[in-house]
Amino acid sequence: MTYTGDVVRGGPAAVRELADVVVRKVCVGPLGNNAYLLTCRASGAQLLIDAADDAPALAALVRAGSPAGRLDVVLTTHRHADHQRALRAVVAATGADTAAGADDAAGIDVPTTRLLHDGDVLAVGELRLEVIGLRGHTPGSVALAYREPDGRAHLFTGDSLFPGGVGNTDHDPTRFASLLDDVITRLFDRFDDATWVYPGHGPDTTLETDRPHLAQWRTRGW
């Protein structure tokens with residue numbers, strides 16, 4: 001079945017099978033948070049992006065990739081409570097390492113074992129994911145970039161980039177400028193139009209879809 005990234009709360013996972021990794025996406029919690037499970041085909045290692053809510057649903061997601069329930073790392077994209085409600089339960093059940101942006105770690109309820117900075121590489125089995133700092137939604141928000149062997153990129157952006165705009169900056173012009181500048185220079189200027197974007201809420205998008213609207217976003221201020 002063709003992957004679209006369309007999921008509903010309590011519904012089945014959307015599954016994308018790539019050459020080296022399987023991506024599974026579910027929607028959990030009252031705010032409709034997306035959680036993503038990446039399974040390395042070569043090693044079986046698994047990465048969960050945002051243990052946002054509904055620990056039983058996330059446990060089922062992990063088992064879909066590994067019947068034994070293997071989970072190597074949980075990445076929290078940023079410190080907001082709706083992205084970590086199930087983090088403690090998931091880590092307690094699996095023993096997974098935790099990872100987050102260094103500047104957000106103090107606001108995350110579970111101790112962070114891997115403090116991340118822009119330009120770091122997060123290794124999960126044979127997978128290598130680039131850490132991209134996107135400052136503004138929170139000071140330590142991070143995205144992850146995975147490149148397929150043919151070069152196509154996949155970005156997991158948390159609440160920093162959505163279809164139609166950047167994340168909420170509470171009408172603070174300084175924070176908005178910081179976030180939009182990072183999104184432009186660290187995402188749109190570096191990755192091509194075919195790049196797929198997996199956000200923290202709602203449907204997926206591509207850089208091609210949103211690139212024509214960057215100037216409009218800056219003008220409107222959100």
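Give Asp109, Asp82, Asp103, Asp53 a once-over and let me know the one that is within 26 Å of Gly167 (Cα to Cα), assigned to a helix (DSSP H, G or I) and of a type in the set (D, E, K, R). Answer to the check: Asp82.
For the stretch 153-197, name all the residues that are touching a residue at least 12 places away in the same chain (Cβ under 8 Å), outside any strand (DSSP E or B) and on the phi > 0 side of the Ramachandran plot. Gly164, His171 - these are the residues of the stretch 153-197 that are touching a residue at least 12 places away in the same chain (Cβ under 8 Å), outside any strand (DSSP E or B) and on the phi > 0 side of the Ramachandran plot.
Residues of the stretch 40-52 being surrounded by 23 or more Cβ atoms within 10 Å (Cβ to Cβ) and either in contact with a helix residue (DSSP H, G or I) (Cβ under 8 Å, 6 or more places away or on another chain) or over 21 Å from Ala89 (Cβ atoms) (or both), which ones?
Within the stretch 40-52, the subset surrounded by 23 or more Cβ atoms within 10 Å (Cβ to Cβ) is 46-52.
Listed by number, the residues that qualify are Gln46, Leu48, Asp50, Ala51, Ala52.
Being within 25 Å of Tyr3 (Cβ to Cβ), assigned to a helix (DSSP H, G or I) and out of contact with any His (no Cβ under 6 Å at 6 or more places or on another chain) is the requirement here; does Thr209 meet it? When the stated conditions are applied, Thr209 passes them. Looking at the stretch 68-77, can you tell me whether even one residue there is crowded, with 21+ Cβ neighbours inside 10 Å, under 21 Å from Asp159 (Cα atoms), within 14 Å of the chain's Cα centre (by Cα) and in contact (Cβ under 8 Å) with a residue 60 or more places away in the chain? Looking through the stretch 68-77, at least one residue is crowded, with 21+ Cβ neighbours inside 10 Å, under 21 Å from Asp159 (Cα atoms), within 14 Å of the chain's Cα centre (by Cα) and in contact (Cβ under 8 Å) with a residue 60 or more places away in the chain. Annotation note: of Thr195, Thr157, Thr209, Thr169, the sole residue that is at pLDDT 95 or above, surrounded by fewer than 17 Cβ atoms within 10 Å (Cβ to Cβ), among the β-branched types (Val, Ile, Thr) and out of contact with any Cys (no Cβ under 9 Å at 6 or more places or on another chain) is Thr209.
Please work out if Thr98 is surrounded by fewer than 24 Cβ atoms within 10 Å (Cβ to Cβ), modelled with pLDDT of 95 or more, part of a strand (DSSP E or B) and of a type in the set (Ser, Thr, Tyr). Answer is yes for this residue. Return yes or no: is Gly32 touching a His at 6+ places or on another chain (Cβ under 6 Å) and either surrounded by fewer than 19 Cβ atoms within 10 Å (Cβ to Cβ) or under 17 Å from Trp196 (Cα atoms) (or both)? Considered against the rule, which asks whether it is touching a His at 6+ places or on another chain (Cβ under 6 Å) and either surrounded by fewer than 19 Cβ atoms within 10 Å (Cβ to Cβ) or under 17 Å from Trp196 (Cα atoms) (or both), Gly32 comes out as yes.
One residue stands out among those in the stretch 107-125 that are farther than 12 Å from Thr76 by Cβ and out of contact with any Lys or Arg (no Cβ under 8 Å at 6 or more places or on another chain): the one that is surrounded by the most Cβ atoms within 10 Å (Cβ to Cβ), which is Val124.
The values are calculated or read from the model by the stated rules, or taken from the named source; none is laboratory data. These numbers were taken from a predicted model, which means no experiment stands behind them. Positions of Cβ are backbone-derived with ideal geometry, glycine not excepted, and every protein chain shown enters the neighbour counts.
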